[in-house]
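The values are calculated or read from the model by the stated rules, or taken from the named source; none is laboratory data. Since the structure is predicted, the reported quantities are computational estimates derived from the model, not experimental observations. We place every Cβ from the backbone using ideal geometry, glycine too, and count neighbours over all the protein chains shown.
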């Protein structure tokens with residue numbers, strides 16, 4: 001599976017010296033499929049490679065740089081909308097990494113702007129964003145009601161002029177999930193990163209990445225998520241850091257997710273780590289991408305799709321939800 | 001295969017679209033260093049749809065969600081759409097303009113307009129008159145040099161223009177008829193040998209033309225500001241290129257004259273365009 005080529009190139013960039021044309025082709029397709037081409041491009045910059053590959057990676061770096069500029073601009077737009085009502089903008093995920101100048105942000109693909117807002121300020125925040133030009137994306141009343149009742153974020157909003165999406169979170173896991181992270185502690189622990197913007201504390205940012213990956217969702221984008229975690233831990237590590245991280249994870253009810261993230265990120269990108277038998281299917285799912293950028297191992301993919309939903313909600317509720325979505329024509333794995 | 005500066009790898013669940021591509025693109029070079037810029041995949045939506053009422057989904061490095069599948073008879077069209085899609089969504093080296101382009105004496109004429117304006121047909125007819133075809137769909141502006149790079153893929157001829165081109169170029173090679181597509185009946189024309197041979201050679205932009213078919217003959221100079229706005233709408237990656245895109249487009253519209261032409265028939269249009277260049 002070519003996902004292995006990608007992981008090898010990220011872990012040990014010098015390994016690309018042995019790649020032939022077919023290897024480069026597979027590597028580039030897998031990296032694009034995992035939305036990690038910009039990260040890869042930074043990682044292998046300057047190493048000997050075919051001119052055609054070098055050109056593709058030059059473009060990927062330029063594209064990621066433009067993505068970084070656009071992401072920071074979106075963050076600033078949200079800050080301007082929320083500053084007058086005194087709601088702090090706590091950046092999450094990719095935008096936080098690039099705003100703070102972290103290694104995890106180098107070349108990273110950034111899609112939507114994700115922010116965390118204190119739950120008791122959510123309605124005001126929503127009104128301020130609507131007044132500043134953001135609009136609803138989900139026209140479906142079922143989806144809208146579902147988000148508002150059960151999700152950890154508002155239904156997505158899109159800006160009518162800039163065509164960019166914002167996800168406004170009030171916590172980091174759906175309310176239907178078993179663990180209930182302490183959202184007030186997330187907000188209280190946030191740190192300022194300049195220009196009136198905030199991000200989660202050094203521990204909470206890793207916990208959020210792990211929660212997103214293992215306690216919610218179907219592991220899509222998992223290789224990138226674990227790369228984020230690998231970089232964050234590499235940059236934050238200091239005496240006592242991992243202990244504080246695990247203690248904090250305990251507080252949020254997310255210690256198993258964080259431990260798994262530590263093991264898998266070490267195993268994939270670091271010096272290696274002993275895996276548990278239950279980690280194995282995760283690895284299988286994570287490395288399912290082939291040299292054409294296709295997700296193979298459909299059974300594994302579907303299994304994790306179901307798992308993601310089971311983590312998200314109790315079985316009876318899941319059955320009702322999937323039935324409603326099925327009738328609307330939605331098919332999970334295509 | 002390589003088209004202009006971009007290399008492609010096309011994979012398919014079926015043999016037929018690949019055989020058609022191999023035949024029509026047989027004179028094109030391979031991707032540089034054997035590493036294509038983009039991958040396109042034609043695949044069955046469900047495993048059994050490879051065999052039962054085959055339906056071709058367009059995939060690849062970059063895709064749009066919810067694209068409708070095409071019947072296998074339109075597999076060649078699906079491959080062409082897949083390659084266009086990679087360029088439209090992911091080309092970042094050049095400012096991409098949705099325009100046809102022909103060149104003579106190192107000077108390129110860009111023709112852009114809405115679907116049905118006649119840009120493909122005019123470019124193909126001018127190729128028949130000795131111009132080099134640089135592309136019927138995309139023209140690529142190099143932000144570093146300001147030069148135009150061609151993308152001479154197969155010319156996509158629609159409806160009546162198929163017969164027009166068969167009459168103009170009786171010796172040319174055409175692809176299999178692609179009937180009842182969302183854009184009508186389509187047939188692909190292989191660019192002439194000179195155009196393929198020179199496809200990597202860039203040209204200086206000499207004129208920008210906005211043709212409109214089906215109207216009384218008219219001609220109007222288009223000021224740079226209007227050209228700028230029209231070309232932002234004709235570009236799929238202007239926003240994604242950020243400042244580089246702005247600079248490249250500003251340089252183009254301030255250094256190259258632009259003209260809108262209305263024409264009742266192709267012969268009139270060609271006289272109008274050739275008079276400008």
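Filter the range B:10-30 down to residues that are part of a loop (DSSP other than H, G, I, E, B), within 14 Å of chain A (Cβ to nearest Cβ) and touching a helix residue (DSSP H, G or I) at 6+ places or on another chain (Cβ under 7 Å), then give me how many there are. The total comes to 1.
Please tell me if residue B:273 is assigned by TED's automatic domain parsing to the domain that holds residue B:119, at pLDDT below 95 and touching a helix residue (DSSP H, G or I) at 6+ places or on another chain (Cβ under 8 Å). Reasoning before the result, please.
Details: assigned by TED's automatic domain parsing to the domain that holds residue B:119: yes; at pLDDT below 95: yes; touching a helix residue (DSSP H, G or I) at 6+ places or on another chain (Cβ under 8 Å): yes.
Yes: the conditions hold for residue B:273.
Being part of a loop (DSSP other than H, G, I, E, B), more than 14 Å from every other protein chain (Cβ to nearest Cβ) and out of contact with any strand residue (DSSP E or B) (no Cβ under 7 Å at 6 or more places or on another chain) is the filter here, so list the residues in the range A:269-302 that pass it.
The first filter runs over the range A:269-302 and keeps only residues part of a loop (DSSP other than H, G, I, E, B), leaving A:270-278, A:287-288, A:290-294, A:296-297.
Then keep just the ones that are more than 14 Å from every other protein chain (Cβ to nearest Cβ); that gives A:270-278, A:287-288, A:297.
Residues satisfying the conditions are A:270, A:271, A:272, A:273, A:274, A:275, A:276, A:277, A:278, A:287, A:297.
Of the residues A:31, A:81, the single one that is in a helix (DSSP H, G or I) and away from chain B (no Cβ under 14 Å) is A:81.
Residues that are more than 27 Å from residue B:41 (Cα to Cα), within 14 Å of chain B (Cβ to nearest Cβ), in contact (Cβ under 8 Å) with a residue 40 or more places away in the chain and part of a helix (DSSP H, G or I) do not occur anywhere in the range A:87-100. Which of (1) in a helix (DSSP H, G or I); (2) in contact (Cβ under 8 Å) with a residue 60 or more places away in the chain; (3) surrounded by fewer than 19 Cβ atoms within 10 Å (Cβ to Cβ) is the odd one out, the single condition residue B:33 does not satisfy? Tallying (1) in a helix (DSSP H, G or I); (2) in contact (Cβ under 8 Å) with a residue 60 or more places away in the chain; (3) surrounded by fewer than 19 Cβ atoms within 10 Å (Cβ to Cβ), residue B:33 fails exactly one: (2).
The set of residues in the range B:211-233 being touching a residue at least 40 places away in the same chain (Cβ under 8 Å) and either in a loop (DSSP other than H, G, I, E, B) or under 15 Å from residue B:252 (Cα atoms) (or both) consists of B:214, B:215, B:216, B:217, B:230, B:231.
How many residues are assigned to a strand (DSSP E or B) and in contact with a helix residue (DSSP H, G or I) (Cβ under 7 Å, 6 or more places away or on another chain) when one looks only at the range B:234-270?
Here is the first cut: in the range B:234-270, the residues assigned to a strand (DSSP E or B) are B:235, B:258-263.
Then drop every residue that is not in contact with a helix residue (DSSP H, G or I) (Cβ under 7 Å, 6 or more places away or on another chain), which leaves B:258-259, B:261, B:263.
Looking only at that region, the number is 4.
Any residue at all in the range B:58-67 that is buried (at least 24 other Cβ atoms within 10 Å of the Cβ), within 14 Å of another protein chain (Cβ to nearest Cβ) and in a loop (DSSP other than H, G, I, E, B)? Checked against the condition, which is being buried (at least 24 other Cβ atoms within 10 Å of the Cβ), within 14 Å of another protein chain (Cβ to nearest Cβ) and in a loop (DSSP other than H, G, I, E, B), the range B:58-67 yields at least one hit.
Is it true that residue A:52 is within 12 Å of chain B (Cβ to nearest Cβ) and part of a helix (DSSP H, G or I)? In short, yes.
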